[in-house]
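Following: one structure in structure tokens, then a few remarks.
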There are 2 protein chains.
Amino acid sequence: MADIAECADWVAVDWGTTHMRAWLMRADGTAIEQRHSDKGMGSLRREEFEPALAALLGDACGGKRLPAIVCGMAGARQGWAEAAYVAVPCAPPSISEATQVPAESLDVRILPGVKQDAPADVMRGEETQIAGLLAEKPGFEGVVCLPGTHSKWAEIADGRIVRFSTFMTGELFALISGQSVLRHSVASDVWDQPAFDDAVGEAIEQPIASMAKLFALRAEGLLHGLEPAAARARLSAYLIGAEIAAAREVYALEGRIAIVGAAGIVKAYGAALTSIGAEVRYLDAERTTLMGLTAAYAELCNS
Amino acid sequence: MADIAECADWVAVDWGTTHMRAWLMRADGTAIEQRHSDKGMGSLRREEFEPALAALLGDACGGKRLPAIVCGMAGARQGWAEAAYVAVPCAPPSISEATQVPAESLDVRILPGVKQDAPADVMRGEETQIAGLLAEKPGFEGVVCLPGTHSKWAEIADGRIVRFSTFMTGELFALISGQSVLRHSVASDVWDQPAFDDAVGEAIEQPIASMAKLFALRAEGLLHGLEPAAARARLSAYLIGAEIAAAREVYALEGRIAIVGAAGIVKAYGAALTSIGAEVRYLDAERTTLMGLTAAYAELCNS
């Protein structure tokens, strides 16, 4: 019986703060299998990273010491091994800048994050998605938006990250919708796209007023019976609208914008950006991460 | 031995969501004694309000069934008894609009809150502070700012609340500083007033950019060693600056502004408002609440 693992040539790893994903990969960049763990960087001591990855892989590597290319928070100072930030302007860090980690079971390389001195900013993981974007769309120029817990916006020119910005939009949405006085007013599992579309345009044009509208979501529920699904969509529109308004002061948003993210969230950002005249293209976050890691593996093979 | 309680003529009560304060009062508005309880409206069923207040007062009323004037969340629909909102424009609700509650131990009257249909907004408690402001400064005209968990701004003319707005600034500060990715970056017990002053002016002038600066508090800590006390003051400046910028689109902030609140927070708002040319006067929140409740008691005596 042919063991699937016998075909794996290397391992791709995206190691975040709260979760970790690993893929068994063929040399040509095809994923054979994905595995998922809740052993995020935030819950591990330095010596626990290799056992956590080894446990997740089990005997899938068939006893071979395969190359493992890692991006994300595993490279933070408090992570598995520090992969020091590369400063913008820079190309997404290549395998030659990776930190090699002494590990028995795998030949581990952790890709660095990217930093910006002023305005101060950092990323770990998104730079690999940008590498994936550039692998998929060689010669891409313009703005890339990576929405999420901490949304990143970056300007790309000549294959380099020129500058970037982080917005805490996703985390603010989670805190406000889950824990603030608004939590009952916006408690819904339904996504009300029309309510989002109605609100986001004004939020982009008048973002200062958005802050004044948060509590109104509760008051409208009390006084006028506003439905939680509509209130939730409006809360999202206010926060995303304010983010886009702030991004627009820094980045040119009239042209082509690549949005890299999970299915639901990229649609919301795409609707908002289209409403102000942007020409949007969508890229799946997981696929783009994998393309970035694969590009690094190809560099390793050619080095 | 003369019992202090023998002198009490009535009881003043400020019943919030998480806490309750009661004062034993003389007819002339002098407070004899204050008592404090964590039995906020949010933790009580309807039938538990009277026992909670009776337990706090103990035998301090000397067996007399004194009048009790209550403001705040006890008058909410889920509270002790609903005291339906009065709609703006209106004077702060008077005792004639209060809800009388059947209670054995006290003659209880709950003052209504105030509502605004559009933009939808509600207050419960602050209207009594506005009554106190008008009792202390008869003829006051202009803007009153009541900073707190949910800051209120109101325009007062001819003794009436013309319109008002709520900002979730205090709650956002608590959530971001206590639970977000910034929590370690802003963990400090020190208040860095110069850092606040440096940041708040720009935050008022460029509030849209403030959202983009939140994550920079963490990045500046990582890259440039920004001190937590300074980061905390800047976070406060960004949020308060955005609030003032939004308030300025609705209210005239060049003239006299009354700020009603606790000592620390009114200073921060006062510094910010003074920096844009406002002429600020400070009123203590507790004293102003008590003056509002006392005004209602005087109405009761004269009715």
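Within the range B:102-121, can you find the residues that are surrounded by fewer than 20 Cβ atoms within 10 Å (Cβ to Cβ) and either modelled with pLDDT of 95 or more or not charged (D, E, K, R) (or both)?
Scanning the range B:102-121 gives B:P102, B:A103, B:S105, B:D107, B:D117, B:A118, B:P119.
Return the total of residues in the range B:183-228 being more than 8 Å from chain A (Cβ to nearest Cβ), under 19 Å from A:M211 (Cβ atoms) and not small (G, A, S).
Here the count works out to 7.
Which residue is nearest to the other protein chains (Cβ to nearest Cβ), if the candidates are limited to the range A:139-176 and must be buried (at least 22 other Cβ atoms within 10 Å of the Cβ) and among the aromatic types (F, W, Y)?
A:F167
Where in the range B:53-167 are the strands (runs of 3 or more DSSP E), entirely inside, with at least 2 residues that are closer than 18 Å to B:M41 by Cβ?
In the range B:53-167, B:67-72, B:99-101, B:107-110, B:114-116, B:121-123 are the strands (runs of 3 or more DSSP E) which contain 2 or more residues that are closer than 18 Å to B:M41 by Cβ.
Suppose we filter the range B:255-265 for residues that are modelled with pLDDT under 95 and of a type outside the set (G, A, S); how many remain?
2
In the range B:241-273, which residue that is within 15 Å of the chain's Cα centre (by Cα) and assigned to a strand (DSSP E or B) is farthest from the other protein chains (Cβ to nearest Cβ)?
My answer is B:A258.
Do we have any residue at all in the range A:35-47 that's of a type in the set (D, E), within 20 Å of the chain's Cα centre (by Cα) and either within 16 Å of A:T17 (Cα to Cα) or buried (at least 19 other Cβ atoms within 10 Å of the Cβ) (or both)?
Checking the range A:35-47: at least one residue is of a type in the set (D, E), within 20 Å of the chain's Cα centre (by Cα) and either within 16 Å of A:T17 (Cα to Cα) or buried (at least 19 other Cβ atoms within 10 Å of the Cβ) (or both).
Which one is surrounded by the fewest Cβ atoms within 10 Å (Cβ to Cβ), of the residues in the range A:266-293 that are among the polar types (S, T, N, Q) and out of contact with any Ser or Thr (no Cβ under 9 Å at 6 or more places or on another chain)?
Ranking the qualifying residues of the range A:266-293, first place goes to A:T274.
List pairs: first in the range B:186-202 and in the same structural domain as B:A216 (by TED's automatic domain parsing) and among the polar types (S, T, N, Q), second modelled with pLDDT of 95 or more and part of a helix (DSSP H, G or I), Cβ under 9 Å, 6+ apart or cross-chain?
From residues that are in the same structural domain as B:A216 (by TED's automatic domain parsing) and among the polar types (S, T, N, Q), the pairs are B:S188/B:P228; B:S188/B:A229; B:S188/B:A230; B:S188/B:A231; B:S188/B:R232; B:S188/B:A233; B:Q193/B:A233.
Give the residues of the range A:177-207 that are in a helix (DSSP H, G or I) and surrounded by fewer than 19 Cβ atoms within 10 Å (Cβ to Cβ), sorted by residue number.
A:G178, A:Q179, A:Q193, A:P194, A:D197, A:D198, A:G201, A:E202, A:E205
Please work out if A:A237 is more than 9 Å from chain B (Cβ to nearest Cβ) and farther than 29 Å from A:E286 by Cβ.
Answer is no for this residue.
The values are calculated or read from the model by the stated rules, or taken from the named source; none is laboratory data. This is a predicted model, so every value here is computed, not measured. Here Cβ is always computed from backbone atoms with ideal geometry, including for glycine, and neighbour counts include all displayed protein chains.
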